1. Quick check on my filter: what residues within segment B:116-126 are over 23 Å from B:Asn8 (Cβ atoms) and either touching an Asp or Glu at 6+ places or on another chain (Cβ under 6 Å) or polar (S, T, N, Q) (or both)?
2. Run down A:Ala74, A:Ala96, A:Ala35 and say which single residue is assigned to a helix (DSSP H, G or I), within 14 Å of chain B (Cβ to nearest Cβ), surrounded by 13 or more Cβ atoms within 10 Å (Cβ to Cβ) and modelled with pLDDT of 85 or more.
3. Name the residues in segment B:15-36 that are among the polar types (S, T, N, Q) and at pLDDT 70 or above, would you?
4. Quick one: how many residues across segment B:119-171 are more than 24 Å from B:Gly94 (Cα to Cα), in a helix (DSSP H, G or I) and more than 14 Å from chain A (Cβ to nearest Cβ)?
5. Considering only residues that are under 20 Å from B:Ser245 (Cα atoms) and within 16 Å of the chain's Cα centre (by Cα), look in segment B:86-111 and name the one that is nearest to the other protein chains (Cβ to nearest Cβ).
6. Select from segment A:144-175 the residues that are of a type in the set (Gly, Ala, Ser) and part of a helix (DSSP H, G or I) and write down the one among them that is farthest from the other protein chains (Cβ to nearest Cβ).
7. Anything in segment A:122-143 that is in contact (Cβ under 8 Å) with a residue 40 or more places away in the chain and more than 11 Å from chain B (Cβ to nearest Cβ)? List them, or say none.
Amino acid sequence: MLALWILLGVVVLLALFVVLSFNRLVRTRNRVDNAWSQIDVQLRRRYDLIPNLVETVKGYAAHERELFEEITRARAQAERASGVQDQAQAENDITAGLRRLIAVAENYPDLKASQNFLALQEELTATESKIAFARQFYNDQVAILNTKVQSFPTNIIASLTGFRPREFFEIEETAARGPVTSSF
Amino acid sequence: MYEEIARNKRRTVVLVIVNLLLLVAVGYVLAYVFANGNGIVGIVIAVVVAAVMSFASYRYGDRMVLASTRAREVTPQDEPRLHNVVEGIAIAAGVPKPRVYVVPEQAPNAFATGRDPEHSSIAVTRGLLDAMNRVELEGVIAHEMSHVVDRDILLGTIVATLVGAIVLVAEFMLRWFWWGGFGGRRGNDQSGGPAAAIIAIAGIALLLLAPLVGQIIKFAVSRRREYLADAQGAMLTRYPPGLASALKKIAVAPHGMRSANNATAHLWLDQPSRIEGDRMSFMEKLFSTHPPIQDRIRILEEM
């Protein structure tokens, strides 16, 4: 009789453990998905800024055509990208292009002084730092999820219910924090 | 972080209960004196008052605090840089973007209020916006965002509104005594009669209570939490020198603030004062809640 009760207790505890860790895994995965959509929102905001920025600079520096095309191409590629690695690579190209665009703008005092350009520059700086913050939050959440998915004993439940470790959103070190601007 | 949240919730409950007991005691004594020994009525009234106070400070405490500092909400069009920074740090912390307010004061300072991350506000002074560059502003906002994430804002706001009432009355009494409140000098000492005596006794009682209230505030908002918010803020921006440099500017900037008051002092980034310079008034010392700013800078620089 006693043995039966003990057995029952063990089964209940085990079931409780499975349910709780499964729910915790779901919660963590949702947080990762949510963090990813935050990155997506900010990236989209940057795509929307690019045509404006290019048009404004074009007005003062029309002959930098090659650079404009490069940025437009990188933007198109980023919008088509699928998967974390792919997206990260395309975003790195955009960041590099925009950096050069701002550097070019430094050579045109009229452009630098225009209200429109200053407002766009603030938007760009803000969006880049939001991308950086969103990426940071996403990577933190991925780290938490991956630890849960890979460590014992949650890894058993994770593999049974199809949870996989996620990819980090990596960027090149040179393009790390410290957005494009110096004038603020 | 989760321990901090739990601790803050526990302390909030303790505070509400202490406030209830205090009011019940006062209500009982008053009813005993006035209603000839019928203390029960006093207790009932006190419980109702305490319930209303607690609910109001939970639900509307943030608005009271913001109003008492004359903070005004600003739109992204008014203050694009401030709004962008707040939004960025909110993303880094994984919480909804708080509402953004500006306080018309020249001393650089900031505070956060609200009850949880879904109902939170961050206010900065005009002086802070003028003095700080983007990186420094990020440091300050990240410090405030940590208070939001840890629910320090709930406890801080409830302290400000519950305890604030007592602090206000105590300060009023202090001035009243100071400027000849005992009535003798104005020559109408007879007209006051027992009412004046009761007010005087209540005043003395409140004055004796004031240090106790100061202790309650210190209990609720320990200096540790400021260090903790500094550290957590640095985790959010991944750049401790930003806040360090902001605190350096705050340390040398003029401190005088017209809307400084002992009930809300603990909410601010750095202790506000009505008096220019390093001096603080007697009451302000009694309610001093912030660690020395030089220590905070040193710790951030060692990170």
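The values are calculated or read from the model by the stated rules, or taken from the named source; none is laboratory data. The model shown is predicted, which means the values in this text are computed figures rather than measured ones. Don't worry about glycine lacking a Cβ; one is built from the backbone with ideal geometry, like all the others, and counts go over all protein chains shown.
1. B:Thr125
2. Details: A:Ala74 fails: within 14 Å of chain B (Cβ to nearest Cβ); A:Ala96 fails: within 14 Å of chain B (Cβ to nearest Cβ).
Of A:Ala74, A:Ala96, A:Ala35, the one residue that is assigned to a helix (DSSP H, G or I), within 14 Å of chain B (Cβ to nearest Cβ), surrounded by 13 or more Cβ atoms within 10 Å (Cβ to Cβ) and modelled with pLDDT of 85 or more is A:Ala35.
3. B:Asn19
4. Looking only at that region, the number is 17.
5. Filtering first and then ranking leaves B:Ala110.
6. Taking the candidates together, the pick is A:Ser159.
7. Within segment A:122-143, A:Val142 is the sole residue that qualifies.
For (1) more than 25 Å from A:Gln38 (Cβ to Cβ); (2) touching a residue at least 12 places away in the same chain (Cβ under 8 Å), each residue gets a yes or a no:
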residue: B:Val52; (1), (2): yes, no
residue: B:Ser57; (1), (2): yes, yes
residue: B:Ala71; (1), (2): yes, yes
residue: B:Pro76; (1), (2): no, no
residue: B:Glu79; (1), (2): no, yes
residue: B:Val85; (1), (2): no, yes
residue: B:Ile91; (1), (2): no, no
residue: B:Pro104; (1), (2): yes, yes
